[in-house]
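Just below is one structure, and these are the notes that go with it.
The values are calculated or read from the model by the stated rules, or taken from the named source; none is laboratory data. Everything quoted here is computed from the prediction, not taken from an experiment. Using ideal geometry, Cβ is built from the backbone for each residue, glycine included, and neighbour counts are taken over all protein chains shown.
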2 protein chains.
Amino acid sequence: MAITVLTESELRRSVDLDRSAVDIVAEGFRALARDQAVMPPVLSMAMDDRHGEVDVKTAYVRGLEMFAIKVSSGFFDNPKLGLPSLSGMMTLFSSETGRVQAVLLDNGYLTDLRTAAAGALAADLLAPQSVGTAGVIGTGLQARLQMRALHLVRPFRRLLVWGRHSANAEEYAENLRGELGTEIDVAASAEEVVRHSEVVVTTTPSQRPLIEAGWLHPGLHITAMGSDAEGKNELDPQVIARADRFVCDRRSQSAAIGELRAAIADGAVAEDFACDEVGAISAGMKPGRRADDEVTVCDLTGTGVQDTAIALYAYRRATEAGYGTFINA
Amino acid sequence: MAITVLTESELRRSVDLDRSAVDIVAEGFRALARDQAVMPPVLSMAMDDRHGEVDVKTAYVRGLEMFAIKVSSGFFDNPKLGLPSLSGMMTLFSSETGRVQAVLLDNGYLTDLRTAAAGALAADLLAPQSVGTAGVIGTGLQARLQMRALHLVRPFRRLLVWGRHSANAEEYAENLRGELGTEIDVAASAEEVVRHSEVVVTTTPSQRPLIEAGWLHPGLHITAMGSDAEGKNELDPQVIARADRFVCDRRSQSAAIGELRAAIADGAVAEDFACDEVGAISAGMKPGRRADDEVTVCDLTGTGVQDTAIALYAYRRATEAGYGTFINA
């Protein structure tokens, strides 16, 4: 039985951040909402002496011929070695036999894509129909991808960016200006970003809130995609308490490793605080944005259904294009 | 950066069930006992509509250049397709950068090895010094491997086997007789096996106890290696309550998915029932067998440190032998 091995460069040539990627991720979320998926809790391992951590995510979607198991790693001394901090790989297994079908050596590329795609989906479901100014907090790779993804579903005219280091924000603006063809300005503060944007995406590994509740304004949508571990927190707990609507990718994950965890720990909201899931909205089981002046907040922690969805999609696209090394095993 | 891909046949040609394999697994357990390892809880996913399940195990051992993440699958309709039920693969990641170093497409071979090696280790630490008759409950692959492993550390002269289907037990005896060069007899019952053996290993996926407390006799050692999930249980709870000593590979796992779980649920032992770990005994931090007439029981659920130990060992042996396909990723 031949196993297909795909490399990062083959996968990059096969799939990009486009509407198809957003659609495929949305389909995964809808399967979860319809109880057509099994998604166990994330396996996490911290390697403190290495400044490293590794997460394993998976989900089985009934009806799909394969499921993915995804490993993502963050090793924060890597930049000293000239390597990116984040990496990872995905493996596809047959849903019929449990045997390995394909190994996707993507070094985290597919995780980047599916994370950005979830951001686009959240905005598509919850942001105002017309967005003039978008804002982004953070200046890293996801800050770039999230704004490219948002632009697919809400083609904003202006982008405000803020990061802890203004040089990084300047560089970010420089790089993305050509790519998106929009006006991009560096803001003086996170507050300026929030007060002047209709959609804001936070993309940081921050352990302290970056957005305060006093900055919220009618019609604002915020997506917080940075927190994905117990110590992380981008939104002041009052942001969640005071928003008209709080949505997440997976409630159990948001409560364990996302913004809901911090808000509950703070006492700002109750343990059983209501949180509709993105998949239920995408499936029409719950409403999306209900009014022009609603303040909506979405927390994305990253889920196994996204991994299975993107891995299978990338595998199909790459093998259709003739890529892959075949190993007889 | 080249990633090494090793196939099952390459791995089979590189590592076998021998004393080196037992030693390498023992080293992993000692690292765990000495707090030199990080080992998160097992990730498990049941795919009921497919009669399948998948487990992910991992451990990071400080000082080792790589750590493994191991996926094992059990798909119980596979025999209808002419495939074994169990399969799996291991991936080795750099402990320094978190990046993929090697993919071991072993289809579960290395899991089989490290599981049998742990059985040998448990017997070496807990069985009487001289074993005339060994017993095995179950007739599958692990029943074969466990007796080969036991024979490495306790070269018994006679083996008693019992399985639910006597034809399988006859076939088992036939196959192993030549391999071990010992007398092998098929027993009429599990009771006969236990009453006449000094060491017994249970190797089944049973959900009901196979061994009763009334059969225990002075000097007996039992290793139960079958249960590794919530529904499974090979030993009557009273076996654990009445043994002089209960040992396990990892207490938290035995209490969650092993024999200790069933014994606690039954009320036969308290929640905080004492259980020394194999690694602590191997490291000399706890005693092994303390008296000739002691009755000892060891529960093995299978741990991530075994996977990291065997994967790294197999990788080194295989690459030293010149095996592997190299993928530039």
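What strands (runs of 3 or more DSSP E) lie completely within segment A:184-258 and have 1 or more residues being within 21 Å of the chain's Cα centre (by Cα) and over 25 Å from residue A:271 (Cα atoms)? Don't jump to the end; show me each part of the working.
Numbers: elements: A:199-202, A:221-224, A:245-248.
Per the criteria, A:199-202.
Specify the residue that is surrounded by the most Cβ atoms within 10 Å (Cβ to Cβ); the eligible residues are those in segment B:66-83 that are in a loop (DSSP other than H, G, I, E, B) and in contact with a strand residue (DSSP E or B) (Cβ under 9 Å, 6 or more places away or on another chain).
Keep residues of segment B:66-83 that are in a loop (DSSP other than H, G, I, E, B), which gives B:76-77, B:82-83.
Filter once more, so that each one left must be in contact with a strand residue (DSSP E or B) (Cβ under 9 Å, 6 or more places away or on another chain): B:76-77, B:83.
Details: B:76: 14, B:77: 14, B:83: 18.
Across segment B:66-83, the extreme among qualifying residues is B:83.
Could you run through segment A:67-89 and say how many residues are more than 9 Å from every other protein chain (Cβ to nearest Cβ), over 17 Å from residue A:43 (Cβ atoms) and in contact with a Ser or Thr (Cβ under 9 Å, 6 or more places away or on another chain)?
Number satisfying all stated conditions: 2.
Is one or more of the residues making up segment A:87-102 of a type in the set (Val, Ile, Thr), surrounded by fewer than 22 Cβ atoms within 10 Å (Cβ to Cβ) and closer than 29 Å to residue B:101 by Cβ?
Yes, that holds for at least one residue.
For segment A:271-329, enumerate the residues that are within 14 Å of chain B (Cβ to nearest Cβ) and among the hydroxyl-bearing types (Ser, Thr, Tyr).
Those that are within 14 Å of chain B (Cβ to nearest Cβ) and among the hydroxyl-bearing types (Ser, Thr, Tyr): A:303, A:308, A:323, A:325.
Is it fair to say residue B:31 is touching a strand residue (DSSP E or B) at 6+ places or on another chain (Cβ under 7 Å) and either at the interface with chain A (Cβ under 7 Å from one of its Cβ atoms) or more than 30 Å from residue A:9 (Cα to Cα) (or both)? Let's see the steps before the verdict.
Values: touching a strand residue (DSSP E or B) at 6+ places or on another chain (Cβ under 7 Å): yes; either at the interface with chain A (Cβ under 7 Å from one of its Cβ atoms) or more than 30 Å from residue A:9 (Cα to Cα) (or both): yes.
It is true that residue B:31 is touching a strand residue (DSSP E or B) at 6+ places or on another chain (Cβ under 7 Å) and either at the interface with chain A (Cβ under 7 Å from one of its Cβ atoms) or more than 30 Å from residue A:9 (Cα to Cα) (or both).
Rundown of residues vs (1) within 17 Å of the chain's Cα centre (by Cα); (2) assigned to a loop (DSSP other than H, G, I, E, B); (3) closer than 30 Å to residue A:152 by Cβ, yes/no style:
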{"site": "A:17", "(1), (2), (3)": "yes, yes, yes"}
{"site": "A:24", "(1), (2), (3)": "yes, no, yes"}
{"site": "A:35", "(1), (2), (3)": "no, yes, yes"}
{"site": "A:119", "(1), (2), (3)": "yes, no, yes"}
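Taking the conditions exactly as written (assigned by TED's automatic domain parsing to the domain that holds residue A:163, on the phi < 0 side of the Ramachandran plot and not in a helix (DSSP H, G or I)), does residue A:284 satisfy them or not? Even if it seems obvious, please write down each step before you answer.
Numbers: assigned by TED's automatic domain parsing to the domain that holds residue A:163: yes; on the phi < 0 side of the Ramachandran plot: no; not in a helix (DSSP H, G or I): yes.
Answer is no for this residue.
Please tell me if residue A:265 is more than 24 Å from residue A:120 (Cα to Cα) and either free of Cβ contacts under 8 Å to residues at least 12 places away in the same chain or outside any loop (DSSP other than H, G, I, E, B) (or both).
Numbers: more than 24 Å from residue A:120 (Cα to Cα): yes; either free of Cβ contacts under 8 Å to residues at least 12 places away in the same chain or outside any loop (DSSP other than H, G, I, E, B) (or both): yes.
For residue A:265, the condition - more than 24 Å from residue A:120 (Cα to Cα) and either free of Cβ contacts under 8 Å to residues at least 12 places away in the same chain or outside any loop (DSSP other than H, G, I, E, B) (or both) - is met.
Among the candidates B:106, B:185, which residue alone is in contact with a Leu (Cβ under 8 Å, 6 or more places away or on another chain), among the acidic types (Asp, Glu), on the phi < 0 side of the Ramachandran plot and outside the structural domain of residue B:227 (by TED's automatic domain parsing)? Before the answer, list the steps.
Details: B:185 fails: outside the structural domain of residue B:227 (by TED's automatic domain parsing).
Being in contact with a Leu (Cβ under 8 Å, 6 or more places away or on another chain), among the acidic types (Asp, Glu), on the phi < 0 side of the Ramachandran plot and outside the structural domain of residue B:227 (by TED's automatic domain parsing) holds for just one of B:106, B:185, which is B:106.
Which residue, of A:152, A:64, A:145, A:159, is modelled with pLDDT of 95 or more, more than 22 Å from residue A:209 (Cβ to Cβ) and within 14 Å of chain B (Cβ to nearest Cβ)? Give the derivation first.
Values: A:152 fails: within 14 Å of chain B (Cβ to nearest Cβ); A:145 fails: within 14 Å of chain B (Cβ to nearest Cβ); A:159 fails: within 14 Å of chain B (Cβ to nearest Cβ).
Answer to the check: A:64.
Looking for whichever is more than 30 Å from residue A:35 (Cβ to Cβ), of a type outside the set (Lys, Arg) and either modelled with pLDDT of 95 or more or outside the structural domain of residue B:279 (by TED's automatic domain parsing) (or both) here; the options are B:84, B:79, B:41. Which one fits? Walk me through it before giving the result.
Numbers: B:79 fails: more than 30 Å from residue A:35 (Cβ to Cβ); B:41 fails: more than 30 Å from residue A:35 (Cβ to Cβ).
Criteria check complete, one pass: B:84.
From (1) touching a Gly at 6+ places or on another chain (Cβ under 9 Å); (2) part of a strand (DSSP E or B); (3) more than 10 Å from every other protein chain (Cβ to nearest Cβ), pick out the condition that doesn't hold for residue A:92.
Checking residue A:92 against (1) touching a Gly at 6+ places or on another chain (Cβ under 9 Å); (2) part of a strand (DSSP E or B); (3) more than 10 Å from every other protein chain (Cβ to nearest Cβ), the one that fails is (1).
Kindly indicate whether residue A:48 is within 10 Å of chain B (Cβ to nearest Cβ) and surrounded by fewer than 22 Cβ atoms within 10 Å (Cβ to Cβ).
Yes: the conditions hold for residue A:48.
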